[in-house]
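Single-structure report; data block below.
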Amino acid sequence: MMIKRHAAVVAPVAGFLLGFLDFVWIKYVPYPFAGLGNSMAAWAVAAFLLTYLSRWRLPVAVPAAIVCLVVAVPSYYLAAALIQGDDWSNLTNTTAILWMGSGVIAGAVFGAGGVLARRPGPLRLPALALPAAVLFAEGVRELTRLGDPNYETGDLVAYATLLAVLGLGLTVWLAGSWRDRLIALAWSIPLTAVGWLLLTATFR
(Lines give C-alpha, C1' and ligand atoms only; values in the text may rest on other atoms or scores of the structure.)
Protein backbone atom coordinates (compact mmCIF):
# COMPACT_ATOMS: atom_id res chain seq x y z
CA MET A 1 0.00 0.00 0.00
CA MET A 2 2.84 2.39 0.82
CA ILE A 3 4.44 1.70 -2.58
CA LYS A 4 1.18 2.54 -4.36
CA ARG A 5 0.86 5.80 -2.43
CA HIS A 6 4.47 6.64 -3.26
CA ALA A 7 3.83 6.04 -6.95
CA ALA A 8 0.60 8.04 -6.84
CA VAL A 9 2.60 11.07 -5.71
CA VAL A 10 5.83 10.58 -7.67
CA ALA A 11 4.27 9.84 -11.07
CA PRO A 12 2.20 13.04 -11.51
CA VAL A 13 4.93 15.21 -10.01
CA ALA A 14 7.49 13.67 -12.37
CA GLY A 15 5.09 14.20 -15.27
CA PHE A 16 4.50 17.83 -14.39
CA LEU A 17 8.24 18.48 -14.14
CA LEU A 18 8.94 16.57 -17.37
CA GLY A 19 6.45 18.60 -19.39
CA PHE A 20 7.15 22.00 -17.87
CA LEU A 21 10.94 21.72 -17.89
CA ASP A 22 10.80 20.21 -21.36
CA PHE A 23 9.40 23.46 -22.73
CA VAL A 24 11.94 25.51 -20.75
CA TRP A 25 14.66 23.30 -22.23
CA ILE A 26 13.45 23.93 -25.78
CA LYS A 27 13.19 27.64 -25.14
CA TYR A 28 16.62 28.29 -23.68
CA VAL A 29 19.03 25.44 -24.55
CA PRO A 30 20.97 25.69 -27.86
CA TYR A 31 20.69 23.17 -30.68
CA PRO A 32 21.29 20.24 -31.06
CA PHE A 33 20.58 19.70 -27.34
CA ALA A 34 17.34 21.66 -27.62
CA GLY A 35 16.10 18.95 -29.98
CA LEU A 36 15.71 16.63 -27.01
CA GLY A 37 12.84 18.83 -25.85
CA ASN A 38 10.81 17.86 -28.91
CA SER A 39 11.97 14.25 -28.72
CA MET A 40 9.40 11.48 -28.39
CA ALA A 41 12.32 9.19 -27.59
CA ALA A 42 13.43 11.35 -24.66
CA TRP A 43 9.98 11.14 -23.09
CA ALA A 44 9.91 7.36 -23.58
CA VAL A 45 13.31 7.09 -21.89
CA ALA A 46 12.00 9.24 -19.03
CA ALA A 47 9.17 6.74 -18.46
CA PHE A 48 11.66 3.87 -18.56
CA LEU A 49 14.00 5.50 -16.05
CA LEU A 50 11.11 6.41 -13.75
CA THR A 51 10.16 2.77 -13.27
CA TYR A 52 13.69 1.42 -13.48
CA LEU A 53 14.94 3.67 -10.68
CA SER A 54 11.79 3.48 -8.55
CA ARG A 55 11.88 -0.34 -8.33
CA TRP A 56 8.09 -0.62 -8.50
CA ARG A 57 6.44 -3.84 -9.58
CA LEU A 58 4.61 -4.08 -12.90
CA PRO A 59 1.06 -3.44 -11.58
CA VAL A 60 2.28 -0.17 -10.07
CA ALA A 61 4.98 0.77 -12.57
CA VAL A 62 2.92 0.67 -15.76
CA PRO A 63 0.10 2.97 -14.54
CA ALA A 64 2.70 5.27 -12.96
CA ALA A 65 4.62 5.60 -16.24
CA ILE A 66 1.38 6.27 -18.12
CA VAL A 67 0.34 8.95 -15.62
CA CYS A 68 3.76 10.55 -15.90
CA LEU A 69 3.61 10.90 -19.68
CA VAL A 70 -0.06 11.89 -19.81
CA VAL A 71 0.39 14.63 -17.19
CA ALA A 72 3.52 15.87 -19.00
CA VAL A 73 1.47 16.89 -22.07
CA PRO A 74 -0.76 19.57 -20.50
CA SER A 75 2.17 20.60 -18.30
CA TYR A 76 4.18 21.31 -21.47
CA TYR A 77 1.40 23.47 -22.89
CA LEU A 78 0.96 25.17 -19.53
CA ALA A 79 4.62 26.22 -19.65
CA ALA A 80 4.14 27.43 -23.23
CA ALA A 81 1.16 29.54 -22.16
CA LEU A 82 2.94 31.04 -19.15
CA ILE A 83 6.34 31.63 -20.73
CA GLN A 84 5.51 32.30 -24.36
CA GLY A 85 1.91 33.46 -24.24
CA ASP A 86 0.54 30.51 -26.22
CA ASP A 87 -3.20 29.88 -26.32
CA TRP A 88 -4.54 28.24 -23.15
CA SER A 89 -6.83 26.05 -25.25
CA ASN A 90 -3.72 24.11 -26.30
CA LEU A 91 -3.89 22.28 -22.97
CA THR A 92 -7.01 20.41 -24.07
CA ASN A 93 -7.10 20.62 -27.88
CA THR A 94 -7.04 17.67 -30.27
CA THR A 95 -3.25 17.69 -30.57
CA ALA A 96 -2.84 17.49 -26.80
CA ILE A 97 -5.33 14.62 -26.60
CA LEU A 98 -3.49 12.71 -29.34
CA TRP A 99 -0.17 13.23 -27.53
CA MET A 100 -1.73 11.99 -24.29
CA GLY A 101 -2.95 8.91 -26.16
CA SER A 102 0.59 8.33 -27.37
CA GLY A 103 1.73 8.75 -23.78
CA VAL A 104 -0.55 5.89 -22.72
CA ILE A 105 1.07 3.54 -25.24
CA ALA A 106 4.65 4.68 -24.58
CA GLY A 107 4.11 4.64 -20.82
CA ALA A 108 2.84 1.07 -20.92
CA VAL A 109 5.74 -0.20 -23.06
CA PHE A 110 8.61 1.70 -21.47
CA GLY A 111 7.19 1.58 -17.96
CA ALA A 112 7.07 -2.20 -18.20
CA GLY A 113 10.52 -2.16 -19.79
CA GLY A 114 11.98 -0.34 -16.81
CA VAL A 115 10.76 -3.08 -14.49
CA LEU A 116 11.83 -5.99 -16.70
CA ALA A 117 15.28 -4.45 -17.23
CA ARG A 118 16.19 -5.01 -13.58
CA ARG A 119 14.64 -8.46 -13.23
CA PRO A 120 16.64 -11.62 -13.90
CA GLY A 121 15.28 -13.54 -16.83
CA PRO A 122 15.21 -13.76 -20.62
CA LEU A 123 13.52 -10.37 -21.03
CA ARG A 124 16.06 -8.38 -19.02
CA LEU A 125 18.53 -7.65 -21.81
CA PRO A 126 15.92 -6.92 -24.50
CA ALA A 127 14.31 -4.53 -22.01
CA LEU A 128 17.68 -2.92 -21.32
CA ALA A 129 17.93 -2.28 -25.05
CA LEU A 130 14.74 -0.20 -25.17
CA PRO A 131 16.23 3.22 -24.30
CA ALA A 132 18.99 2.89 -26.89
CA ALA A 133 16.60 1.50 -29.48
CA VAL A 134 14.10 4.34 -29.23
CA LEU A 135 16.88 6.94 -29.37
CA PHE A 136 18.53 5.21 -32.32
CA ALA A 137 15.15 4.97 -34.11
CA GLU A 138 14.62 8.68 -33.78
CA GLY A 139 18.16 9.28 -35.01
CA VAL A 140 17.55 7.13 -38.08
CA ARG A 141 14.33 9.04 -38.73
CA GLU A 142 16.30 12.29 -38.64
CA LEU A 143 18.88 10.96 -41.10
CA THR A 144 16.18 9.93 -43.57
CA ARG A 145 15.47 13.64 -43.93
CA LEU A 146 18.90 14.32 -45.40
CA GLY A 147 18.48 16.06 -48.73
CA ASP A 148 15.15 17.60 -47.72
CA PRO A 149 15.45 21.37 -48.33
CA ASN A 150 13.36 22.02 -45.21
CA TYR A 151 16.14 20.71 -42.99
CA GLU A 152 19.78 21.70 -42.54
CA THR A 153 22.16 18.79 -43.12
CA GLY A 154 24.46 19.83 -40.29
CA ASP A 155 21.57 20.06 -37.82
CA LEU A 156 20.25 16.63 -38.77
CA VAL A 157 23.65 14.98 -38.44
CA ALA A 158 24.42 16.75 -35.15
CA TYR A 159 21.11 15.74 -33.60
CA ALA A 160 21.32 12.14 -34.84
CA THR A 161 24.83 11.92 -33.41
CA LEU A 162 23.62 13.23 -30.06
CA LEU A 163 20.86 10.61 -29.96
CA ALA A 164 23.34 7.86 -30.80
CA VAL A 165 25.73 8.96 -28.06
CA LEU A 166 22.91 9.10 -25.52
CA GLY A 167 21.74 5.63 -26.53
CA LEU A 168 25.20 4.18 -26.13
CA GLY A 169 25.76 6.03 -22.86
CA LEU A 170 22.51 4.80 -21.35
CA THR A 171 23.31 1.21 -22.31
CA VAL A 172 26.75 1.43 -20.71
CA TRP A 173 25.22 2.92 -17.56
CA LEU A 174 22.27 0.55 -17.21
CA ALA A 175 23.93 -2.75 -18.08
CA GLY A 176 26.11 -4.27 -15.40
CA SER A 177 28.85 -5.79 -17.52
CA TRP A 178 30.37 -5.44 -20.97
CA ARG A 179 28.79 -8.75 -21.96
CA ASP A 180 25.35 -7.42 -21.05
CA ARG A 181 26.08 -4.13 -22.80
CA LEU A 182 27.03 -5.88 -26.03
CA ILE A 183 24.00 -8.16 -25.94
CA ALA A 184 21.69 -5.25 -25.17
CA LEU A 185 23.15 -3.30 -28.09
CA ALA A 186 22.64 -6.33 -30.31
CA TRP A 187 19.00 -6.43 -29.23
CA SER A 188 18.72 -2.71 -29.97
CA ILE A 189 19.27 -3.34 -33.70
CA PRO A 190 15.96 -5.13 -34.43
CA LEU A 191 14.17 -2.97 -31.87
CA THR A 192 15.49 0.14 -33.62
CA ALA A 193 14.07 -1.14 -36.89
CA VAL A 194 10.67 -1.71 -35.28
CA GLY A 195 10.78 1.71 -33.64
CA TRP A 196 11.68 3.42 -36.89
CA LEU A 197 8.82 1.72 -38.70
CA LEU A 198 6.37 2.78 -35.99
CA LEU A 199 7.62 6.36 -36.00
CA THR A 200 7.45 6.50 -39.78
CA ALA A 201 3.93 5.09 -39.87
CA THR A 202 2.65 7.31 -37.06
CA PHE A 203 4.43 10.61 -37.68
CA ARG A 204 4.93 11.23 -41.39
- Message: Report the per residue volume, in Å³, of the convex hull enclosing the C-alpha atoms of the stretch 81-150.
- Response: 146 Å³
- Note on the structure: Taking the chain and counting helices only, DSSP H stretches of n ≥ 4 at -39,500 (n - 2.57) each over all residues, the nearest-500 ellipticity at 222 nm comes to -26500 deg cm²/dmol
- Item | Semi-axis lengths, Å, the stretch 128-174, gyration tensor of Cα atoms, sqrt of 5 times eigenvalues | 24, 10, 4
- Note on the structure: GNM on the chain, Cα springs under 10 Å; top mean-square fluctuation among Leu168, Leu50, Leu130 goes to Leu168
- Please arrange Tyr28, Tyr151 by accessible surface area, largest first, computed with a 1.4 Å probe and ligands excluded. Tyr28, Tyr151
- Computed over the chain, protein heavy atoms only, probe 1.4 angstrom, the accessible area per residue in square angstrom equals 53 Å²
- Among Ala72, Ala164, Ala61: highest mean-square fluctuation, GNM of the chain, C-alpha pairs under 10 Å: Ala164
- Item | For the stretch 1-146, size of Cβ-based charge dipole, Lys and Arg +1, Asp and Glu -1, in debye | 700 debye
- Reciprocal mean inverse distance between Cα atoms of the chain - Kirkwood radius, Å: 17.4 Å
- Query: With all protein chains present, how much of the accessible area of the stretch 126-178 (probe radius 1.4 Å) comes from carbon and sulfur, to the nearest whole percent?
  - Reply: 65 percent
- Task: Give the residue from Leu198, Ala112, Gly139 lying farthest towards the positive end of the charge dipole for the chain; charges sit on Cβ (+1 for Lys and Arg, -1 for Asp and Glu) and the dipole is referred to the Cα centre.
- Result: Ala112
- Message: Please list, in order along the stretch 133-139, the HN-Hα scalar couplings obtained from phi with the Karplus expression 6.51 cos²θ - 1.76 cosθ + 1.60 (θ = phi - 60°), rounded to whole Hz, x for Gly and Pro.
- Response: 4, 5, 5, 4, 4, 5, x
- Message: Out of all Cα-Cα pairs in the stretch 1-92, roughly what percent, to the nearest whole number, are more than 19 Å apart?
- Response: 42 percent
- Message: Please list Trp178, Trp43, Trp56 from largest to smallest accessible area, probe radius 1.4 Å, with all protein chains kept in place.
- Response: Trp178, Trp43, Trp56
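The values are calculated or read from the model by the stated rules, or taken from the named source; none is laboratory data. In this text the structure is predicted, and so the values were computed from the model without any measurement. Please note: Cβ atoms are built from the backbone with ideal geometry, for glycine as well, and neighbour counts cover all protein chains shown. Side chains included, ligands, DNA and RNA excluded: accessible areas come from the protein's heavy atoms. Shrake-Rupley method; radii C 1.70, N 1.55, O 1.52, S 1.80 Å.
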